[in-house]
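Right, one structure below, let's go through it.
The values are calculated or read from the model by the stated rules, or taken from the named source; none is laboratory data. Quick caveat, the model's predicted, so the values are computed rather than measured. With ideal geometry, Cβ positions are generated from the backbone for all residues, glycine too; neighbour counts draw on all protein chains shown. Areas reflect the complete protein model, heavy atoms only, side chains present, ligands, DNA and RNA absent. Shrake-Rupley method; radii C 1.70, N 1.55, O 1.52, S 1.80 Å.
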Amino acid sequence: MQLNGNMATDDNMLTIGGIRADKLIAAYGSPLYVIDQADFEDRAQAFKQYFVSEKFKTHVIYASKAFSNVYISELAKAAGLHIDVVSGGELYTVLKAGYDPSQVYFHGNNKTPHELAYALDQGIGTIIVDNDYEYQLISDLAKERKMLARVLLRVNPGIEADTHKYIQTTKEDSKFGMSTTDPRTMAFIQAMAQDPAIDFAGVHCHIGSQVMKAGFFYEEAQAMIAFAKQVESQCQIDLQEVNLGGGFGVYYTDKDQPLNLAEFLPAYIKEIEQAMVANDFSCDIISIEPGRSMINDSGSTLYTLGAIKHPQMGLPFAFIDGGMSDNLRPALYQAEYEAAIANRINEPADQAFRVAGKCCETGDILIQEIKLANPQPGDILVVPRTGAYTFAMASNYNRIEKPAVVFVKDGQSKVAVKRETYADMTRNDCSIKD
Ligand code: LLP
């Protein structure tokens, strides 16, 4: 396992943010999501530092769906990031964290009337419109409130990024947005631009997630800027913003060659600037929406091992006290992770195991095959790089309580989300006797 961020070792024990893994489990229980706060803060600053241009303003918008809670929203705010939300619940969370609503972008392909009214009443900065029906809702709600709703339109420039098919998003038959090649799209923009309740500010696109090749992003920038220019000429309007979405790939295992932000972001800016010159286009703001690439590396999950089981055939199992309830990604996307025995971190990992969760589901295998250093019941298994889309996608399947989230930095730790209790899970259950 590659150590990352502020991981180190202390006498054969893994430390994160200066705290030993066994101390974290003793203090907060198991399993446990641990977030390396300084690593997140450094990455937020890297995005702010490298995604800059002299030609336009840039917004780095944290895609909070990757990992949403009040604590991370407070850190994102302190780092000067804008933030995006995809539901009333995510919006409530960032507002609770004190986000200025004008810094919030609201996404989603089927925002409900209730969510849209809530967003407008809160003075949210920008709504990304997905379709015609939604636009009508926004327009009516804004008129009722005598407001001007700032919107972008989500479009698909038809770029098929090379990633898992469940997280590709801009194919022509995608459920998200409208195609740039659909003749109805331009007429739709024209209608929005003429609506007195709508401030039509620009266009948005997101080509998919866990995209490793910079070329796809360059292609996207060129296509989107060419399209933005076309919108300006055909609709006789000036666009304020082009939002290029997120999707920047990260390292999970040695099969992944992630983008290096310090190299990629300045090169991306250059591509955008060149596309602007080539299309004779300018606008005030270019935005990006990193989620995974902002938080994934900062998160680790600590589990405690139960039985080491040797079936009659196949690899021995190392059973963990969590599984698909705290990390659905292997079951859902065949996602792969590294792991190590945290309390034997310096010892050679030389025996192959299959790491299985405790859910009643054959597919609840966290890692199909990994070499571990002599795992024993009671050992701590660390799975690094689990910050994104794990806690965010956790469930109570089998009524397993969601683990706590703890932030660590410079030898200090702080609970960001408390561990669920059995009482929490039955809080909304009603009895036949009620
Ligand atoms: N912007 C929009 C409009 C998006 O739909 C997404 C992700 C992002 C930004 C952030 O993408 P990122 O930088 O995190 O790749 N649950 C899946 C990922 C789903 C991504 C959905 N949209 C997974 O675990 O891989």
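With a cut-off of 15 Å between beta carbons, the residues surrounding residue 188 carry a summed charge of -3, where Lys and Arg count +1 and Asp and Glu -1. Dipole of the chain computed with +1 at Lys/Arg Cβ and -1 at Asp/Glu Cβ about the Cα centre; of 405, 108, 119, farthest Cα towards the positive end is 405. Taking 0.36 nm per residue of sequence separation and removing the Cα-Cα distance, the residue 425/residue 397 pair yields an extension gain of 9.0 nm. Each of 313, 212, 7 has its accessible area taken with a 1.4 Å probe; listed largest first, they run 313, 212, 7.
The share of C-alpha pairs in the stretch 174-222 whose separation exceeds 14 Å stands at 63 percent.
Just so you know, the Cα atoms of the stretch 1-129 work out to an Rg and Dmax of 17.9, 56 Å. The lysines whose alpha-carbon is closer than 22 Å to the alpha-carbon of residue 146, local same-chain residues fewer than 8 away aside, are 111.
Ordering 373, 79, 207 by the projection of their Cα atoms onto the charge dipole of the chain, which places +1 on the Cβ of Lys and Arg and -1 on the Cβ of Asp and Glu, puts 373 at the extreme positive end. As a fraction of the 1.4 Å probe accessible area of the chain, surface on carbon and sulfur atoms comes out at 49 percent.
Exceedance of the 31 Å cut-off in Cα-Cα distance is limited, within the set 96/371; 358/418; 229/255; 65/358, to 96/371; 229/255.
In units of the rule-of-thumb radius 2.2 N^0.38 Å, the stretch 107-289 shows an alpha carbon radius of gyration of 1.05. Under the convention that each Lys and Arg Cβ holds +1 and each Asp and Glu Cβ holds -1, the size of the dipole of the chain around its Cα centre is about 780 debye.
Sparsely packed loop sites in the stretch 219-319 (the trypsin sites (Lys or Arg not before Pro) outside DSSP H, G, I, E and B with at most 10 other Cβ atoms within 10 Å) comprise 255. Ordered from longest to shortest, the equivalent ellipsoid semi-axes for the chain are 41, 24, 20 Å, each the square root of 5 times a Cα gyration tensor eigenvalue. Accessible area per residue for the chain is 43 Å², calculated with a 1.4 Å probe on protein heavy atoms, without ligands, DNA or RNA.
Could you state the number of Å between the C-alpha centres of the stretch 312-342 and the stretch 90-136? Here the two parts' Cα centres lie 36 Å apart. Protection proxy ranking, highest mean first, for peptides 279-291, 63-75: 63-75, 279-291, where packing is the per-residue count of other beta-carbon atoms within 10 Å, averaged. Each other residue within a Cβ distance under 12 Å of residue 42 adds +1 if Lys or Arg and -1 if Asp or Glu, for a net charge of -1. Per residue of the chain, the DSSP helices (runs of n ≥ 4 H) give a summed -39500 (n - 2.57) that works out to -9000 deg cm²/dmol at 222 nm.
Heavy-atom accessible area with a 1.4 Å probe sorts 271, 347, largest first, into 347, 271. Ranking 423, 290, 276 by Cα position along the charge dipole of the chain, where only Lys, Arg, Asp and Glu carry charges on their C-beta atoms, puts 423 farthest toward the positive end.
Hey, with R₀ at 22 Å, roughly what FRET efficiency would residue 238 and residue 270 work out to, going by the Cβ-Cβ distance, to 0.05? For R0 = 22 Å, the calculated efficiency reads 0.40. Net charge around residue 379, counting only other residues with Cβ within less than 12 Å of its Cβ (Lys, Arg = +1; Asp, Glu = -1)? Local net charge: -2. The length gained by stretching the chain between residue 352 and residue 334 to full extension, at 0.36 nm per residue less their Cα-Cα distance, is 4.6 nm. Put 397, 28 in order of accessible area, highest first, and with a 1.4 Å probe you get 397, 28.
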